1. Does B:Glu55 count as in a loop (DSSP other than H, G, I, E, B), within 14 Å of chain A (Cβ to nearest Cβ) and either within 21 Å of B:Asp113 (Cα to Cα) or without any contact (Cβ under 8 Å) to a residue 60 or more places away in the chain (or both)?
2. Any residue that is more than 30 Å from the chain's Cα centre (by Cα), closer than 17 Å to A:Val531 by Cβ and open to solvent by 50 Å² or more (accessible area, probe 1.4 Å) - is there at least one of those in the range A:377-386?
3. Somewhere in the range A:417-429, is a residue open to solvent by 40 Å² or more (accessible area, probe 1.4 Å), more than 20 Å from A:Glu515 (Cβ to Cβ) and at pLDDT 90 or above?
4. Take the residues in the range B:119-131 that are surrounded by fewer than 15 Cβ atoms within 10 Å (Cβ to Cβ) and more than 10 Å from chain A (Cβ to nearest Cβ), then tell me which one is farthest from B:Leu159 (Cα to Cα).
5. Looking at the range B:73-100, which of the residues that are small (Gly, Ala, Ser) and more than 7 Å from chain A (Cβ to nearest Cβ) is nearest to B:Ile150 (Cα to Cα)?
6. Is it true that A:Val55 is open to solvent by 20 Å² or more (accessible area, probe 1.4 Å) and within 30 Å of A:Ser146 (Cα to Cα)?
7. Might you let me know whether the range B:4-12 holds any residue that is within 14 Å of another protein chain (Cβ to nearest Cβ), of a type in the set (A, V, I, L, M), farther than 30 Å from B:Asp126 by Cα and touching a residue at least 60 places away in the same chain (Cβ under 8 Å)?
8. Mind checking whether some residue in the range B:61-81 is among the charged types (D, E, K, R) and over 29 Å from B:Ala119 (Cα atoms)?
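The values are calculated or read from the model by the stated rules, or taken from the named source; none is laboratory data. Because the structure is a prediction, the values reported are computed rather than measured. Cβ placement follows ideal geometry from the backbone for every residue including glycine, while neighbour counts extend to all protein chains displayed. All accessible areas refer to the heavy atoms of the entire protein, side chains included, with ligands and DNA or RNA removed. Shrake-Rupley method; radii C 1.70, N 1.55, O 1.52, S 1.80 Å.
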Amino acid sequence: MMRNAARKIYIFLIFIFLYAPIIALIVLSFNASRTRAKWGGFTLKWYGELFQNKVILQALWNTLAIALLSALIATVIGTIACISMQGMKRRNRTILMGITNIPMLNAEIVTGISLMLLFISLGIKFGFMTILLAHITFNIPYVILSVMPRMKQLNPSTYEAALDLGASHMQAFFKVVFPDILPGILSGSLMAFTMSLDDFIITHFTKGPGIDTLSTKIYTEVKKGIKPEMYALSSLIFITVLILLILVNCTPKTEPKKEITERSKNSSKKWIAAVVCVILCIVAVFGFSTFKSNQSNEVYVFNWGEYIDPEVLVMFEEETGIKVIYDEYETNEIMYPKVEAGTSAYDVICPSDYMIQKMIENDLLQELDFDNMPNAVANIGAQYYEQSAAFDPGNKYCVPYCWGTVGILYNKTMVEEPVDSWSILWDEKYANNILMQDSVRDAFMVGLKLNGFSMNTLNENELQIAKEALIKQKPLVQAYVVDQVRDKMIGGEAALGVIYSGEAIYTQQENADLEYVIPKEGTNVWIDGWVVPKNAPNKKNAEIFIDYMCREDIALMNFEYITYSTPNEAARALIEDEEIRNSSIAFPDLSQYQNLETFNYLGEDGDELYNSLWKEAMSY
Amino acid sequence: MKNALVNLVNITKSFGDQMILDDLNLYIRENEFLTLLGPSGCGKTTTLRILGGFETPDKGQVIFDGKDITNLPPNKRNLNTVFQKYALFTHMTIAENIAFGLKIKNKSKTYIDDKIKYALKLVNLDGYENRMPDSLSGGQQQRIAIARAIVNEPKLLLLDEPLGALDLKLRQDMQYELIRLKNELGITFIYVTHDQEEALTMSDTIVVMNQGYIQQIGTPENIYNEPENAFVADFIGDSNIIGATMIQDRLVEILGARFACVDEGFGTNKPVDVVIRPEDVELVAPEEGTIQGTVTHLIFKGVHYEMEVEANGYEWLVQSTRMCPVGTHVGIKVDPFNIQIMNKPESEDEEAVGVNE
């Protein structure tokens, strides 16, 4: 009795351990409240919004098309491979099986990067095709793995028996061998479909501009905090994969064993025919839609996630007739290698100050023709061009798009004393109530400014002092995070957090107890600006796009949507809400502050120095 | 060569370095039940596969019904094969299995239905049309395999150890079944087996093969009673094979004792092999025997006792209905008709052929 109970509890614990995260996800997907901390009642709203989101539906469509096509093609190739491997000598077959199994054991990131390099060296344009090829590649071993055992079980005489009874080689294969290995083929293709459906890493490395699958889309969306629609989407993906896996595991058992009636046989044949028809239709429709999208008048835009009002893109397309192929990235560091490798030829990108400097130094950008962009000249405040000249001397390459400061966001109900210095982040009163940025430059900025140093310093003594400060602060910090500062602060989960000013405005709208300050020791004033890379295929359209973004009404729409400060003076004048127009968070009077700086590109050695010190601090 | 349905001419076949068949010549008469008998690796299955079209000989010709079919693919040959492991199509019903060849040939539905009924009746499995092969016993599956082959009305049926996977009792039943089928159908059977009893029971003609060479061709009686060499003698049934000297016609010296025999023409004082079947060795009182010995082993086998008798340095195998306990001193006597004299192998090739069990 006791042993039995213990066994049940053990099993129960294992299941809890395995499924608790997914249950949490599914529960949250029905939570009416936007924050994770509160349960706001049951709702299906997020699922509804999910299916109205065009971008997500497009990603879903891409995912299904790629999964279906790659599974189909991999199944054909894998099955043919099995047939010929079956005919080989045992030794060769074993060697070949080993070779085909290696890609499955190989780290996905290695496969992803090697495929990317291969496509670059072959000069293949990154897009739907490269993802498809990559998926076929990693799917083939799964097909072989599930067809081969069936093949081995096959009585080799049945094929000869069919020939003996007058069948041609083709007839013998399709009438006799194929039905016998069909369960293996079906489970192999289902397996391939599932693998393709939930692949992220390889897709991430082989995708091109303007195309996303669900997994890469979710990853991009996460940049601006995880929206509840994403819980809904992830829940749906989990359920789909679960159902497929159950199907995969059940297929081999559902063979007809005893007597079967003529009728059931016919209906299963019809079923297979129906499935094949559906697949062919989807493939045909898809083929049509890719041809259709092959227009020449387009502009490829590569921007931060959630960094534009989607409505603006629609308006741009309607007014100019230029199709926008829009892609998002999460950090400057993710964007840079894609542009540098040339896998994706974008027309417009929106990097941050130090990254623009790095791209200029590495000759990746081309000069802009301001004659084509009257709005950029007229509407952007001169002081912002002055500021951007720090990383873009002579203002040749960049049009400022957004700017802001980094400061401390605090909860007035939890912090009573006035906040005006970085030093409050070292106050033991707030142990376990402090949120720091989990990125090397932002964290060191705080440490350096606290001690009165430049945040672009390469002086090792200064950096050591900053490192010691960060190590000292570590026990007080609740978490090192990026996007979650916003959500945690809204939910009242921490008292103090280092945050970007644009996020601060948003958090105040959600939670009135929050207040933002720029510490007196100075901080980072950053600028993100539009640039055009050297390999841009449509420079003219790029300039039309940048100029459109600088139009006052458009800049206003973007400001209201993303809440990051705009350098567009004309747009600022249009802001109706006086409180916001004169907000010290959105538009601080920078002359009141000292020691404001913009990040510089420190060179590879500098980056390495910062990274190694950051690693030391974090592993201390 | 009259009425020869099949003629294998100078067939040579090797896989890699391994020579399987070396210049094999064989003809098969119409309506004959011919068995290829030999140990595994003797080339009998390869011969059958060359006939079926699954292997192409390196050299030589296959003449079938007057036409050269050496390079004809299996599906163009008017003959059918019954495979060792039945090779039924497991995803089809019994009826679909049997109809397979007829459907390929686009026969009408009524024709096919009639044929299925007829074939199932012939193999005593009426009413099994809608069963699946998995639900049948081994013996039943083998009959379906035969039914599936014969509905195509082949002139020649090739059977590759079809009873090898069945148990003893079932195997014996199926032997009679096959003889009956052959007689009812009136077609030629070529049967491959390593089981000498099967071969002796069913065949009109037995071809004993070893290491790619034909050792002897003959009727079952002929093969059993007058093996041409030690290999055949040893492979067909139990026997005492003893080195001896032919003193003169009708007199042979075995283990130092002289035995009367009926063979002539071997010359004088010539070394030979003699074959004496165990049932032909008579145990008598010591003084009546040609040589004397002592019983060393005794086993009861049902219809007879099997004994080993040590005499003049040789362990004689003896089968008799009369029991002599271990230790008994006995005499050994052999009827002259039951002593089979064989030439000793002379060439190295023939040596290689020798007993290897």
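1. Here the answer is yes, as B:Glu55 does meet what is asked.
2. Within the range A:377-386, one or more residues are more than 30 Å from the chain's Cα centre (by Cα), closer than 17 Å to A:Val531 by Cβ and open to solvent by 50 Å² or more (accessible area, probe 1.4 Å).
3. Yes, the range A:417-429 contains at least one residue that is open to solvent by 40 Å² or more (accessible area, probe 1.4 Å), more than 20 Å from A:Glu515 (Cβ to Cβ) and at pLDDT 90 or above.
4. Ranking the candidates gives B:Gly127 first.
5. B:Ala99
6. no
7. No, the range B:4-12 contains no residue that is within 14 Å of another protein chain (Cβ to nearest Cβ), of a type in the set (A, V, I, L, M), farther than 30 Å from B:Asp126 by Cα and touching a residue at least 60 places away in the same chain (Cβ under 8 Å).
8. Yes, some residue in the range B:61-81 is among the charged types (D, E, K, R) and over 29 Å from B:Ala119 (Cα atoms).
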